[in-house]
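Only the coordinates and a few stated rules stand behind these numbers; no lab work does. Keep in mind it's a predicted model, so treat the numbers as computed, not measured.
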Amino acid sequence: MLRHEFQPGKLVGGLFLIAAGVVYAGDARGLWQTPWFVGVPLVVGGLCLAGVVAGLNAAVRRRRRTRRGGIRETRAEGVG
């Protein structure tokens with residue numbers, strides 16, 4: 001299995017979208033009453049927070065890369 005880098009911005013965005021889905025699923029099932037305008041700030045706020053987290057993650061990775069001595073060299077696949 002190939003490993004991938006951890007992307008916390010996508011995690012935060014996904015958690016807020018799941019929370020919005022749970023809120024509306026509970027409303028549809030009759031467990032509680034949810035006004036229609038509750039989902040908008042939940043989704044928009046979650047996406048904004050995900051963007052901030054992704055930006056911070058990129059800044060941290062960029063700073064760590066420059067401390068290690070520059071950009072890593074990669075070999076082109078299929079060459080040589």
Chain lengthening between residue 3 and residue 28 when straightened (0.36 nm per residue, less Cα-Cα): 5.2 nm
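Any chance you could run the full-extension gain for residue 60 through residue 15? It's 0.36 nm times the residue separation minus the Cα-Cα distance, nm to one decimal. The partial results should precede the final answer.
Numbers: separation 45, 0.36 × 45 = 16.20 nm, distance 2.20 nm.
So the extension gain works out to 14.0 nm.
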